[in-house]
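The values are calculated or read from the model by the stated rules, or taken from the named source; none is laboratory data. This structure is a prediction, so every number in the text was calculated from the model and none was measured. A quick note on method: Cβ atoms are made from the backbone with ideal geometry, for glycine too, and the neighbour counts reach across all protein chains shown. Just the protein is used for accessible areas: all its heavy atoms, side chains included, with ligands, DNA and RNA removed. Shrake-Rupley method; radii C 1.70, N 1.55, O 1.52, S 1.80 Å.
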Amino acid sequence: APAESRCTDARDAPSGATLCVVADPRGHHFVPQFYQRGFARKRGRAWQVRVVERGSENGRVANVTDTFKRRDWNTVLDEDGTKDFAIEHVLARLVDDPAAPAFEAMRADRFPLDDGERFRVARFMSAQLTRGPHVRESLSEFMVKSMRHAVALAAQHYTDEQWMEAIGEVPTPETRRMLIRNERHFDIQPTTAGLLDVLLANVDEIAGLLMPRSWTLVRFQTGCLFTSIQPVIYMNPSGVGGYGVATAEQIYLPVSTMHGLVLSTPWAGWPDAL
């Protein structure tokens, strides 16, 4: 989403010029607004979508500016406790903004895409695999379990010399017992910076795995598609093989209510009878 901006007269600017200061974004979309508009209706200046929670028949109409958004989702705290919004700016500048024209092209039935457009869509899909809350929460739980296990092992097996090198003192037997059963005594929480470093480190590498696939744009007669908090979907129609980026037979991305992008592997063939 474009950040809010405010424009003020600049004394050091050329005569008659205006200086625009872009505010730091606080509401971060893990599913970008430009993508949501493929499933929205325009009402005046607003784009509105119908949102239904899984497992519930209750639905609501919402503006895309408020959908799939969380405050400070990608905000990182530096060593001084200052909020850093660089990741959100980078995602907008390098992932979302470059991909938007290619999505508009597919929605206008302009296909196939050229190589540059395909890479920008592939990078968008790659980033979307890890931008949502479910993936981040699962990674956080895994990291917490791993760190707790590492602390417990250290408490049981570190020598006095290793403790002195690590923390400058040797813990008492009572402290060691607390470290071994650390889940009862203190909390471990991965930082946002640490999680983002893991989740976004291989975006371009994964995009490179998507590029060689067969790309098919399926156009339906009427609007029958919807999207979700996790828009990129793996499918194995044959039931053979894996479900990762490299091994899934087909990868689906709804592009609009009428357009679906299918990335196939050579051994899966063309996506007939969808």
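How many Å² of accessible area per residue for region 40-100, probe 1.4 Å? Don't jump to the answer; show the numbers that get you there.
Details: 4410 Å² over 61 residues.
Ligands and nucleic acids excluded, the result is 72 Å² per residue.
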Inset, instruction - Might you report the magnitude of the Cβ-based charge dipole of region 35-75 about its Cα centre, with Lys and Arg at +1 and Asp and Glu at -1, to the nearest 20 debye? - result: 240 debye
Inset, instruction - Order the following by accessible area, largest value first: R54, R181, R136, R123. Probe radius 1.4 Å; ligands, DNA and RNA are ignored. - result: R54, R181, R123, R136
Inset, instruction - Find how many whole Å separate the alpha carbon centroid of region 49-66 from the alpha carbon centroid of region 129-182. - result: 40 Å
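Report the longest stretch of the chain that contains none of the GluC sites (Glu not before Pro) sitting in a DSSP loop with at most 12 other Cβ atoms within 10 Å.
Details: sites that count: E4, E53, E57, E79, E169.
Longest site-free region, per DSSP loop and neighbour criteria: 170-274.
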Inset, instruction - Just need the relative contact order of the chain here, percent rounded to a whole number, with Cα pairs under 8 Å and 6+ apart. - result: 15 percent
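In region 162-274, carbon and sulfur make up what percent of the accessible area (probe 1.4 Å)?
Working: 3820 of 6650 Å².
About 57 percent, which is the carbon plus sulfur part of the accessible surface.
Just to be sure I understand the rule: take each whole DSSP H helix in the chain, project its Cα atoms onto its long axis, keep it if the span is 27 Å or more and its mean Kyte-Doolittle hydropathy is at least -0.5. Which ones pass? Intermediate results must be reported in sequence, preceding the final value.
Numbers: long enough: 133-157 (36 Å, -0.12).
Those that clear 27 Å and a mean of -0.5 are 133-157.
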Legend entry - Positive-end extreme of charge dipole, the chain - chosen from H28, V245, I229 (charges on Cβ): I229
Inset, instruction - Quick one: accessible surface of V151, probe radius 1.4 Å, all protein chains present, in square angstrom to the nearest 10. - result: 50 Å²
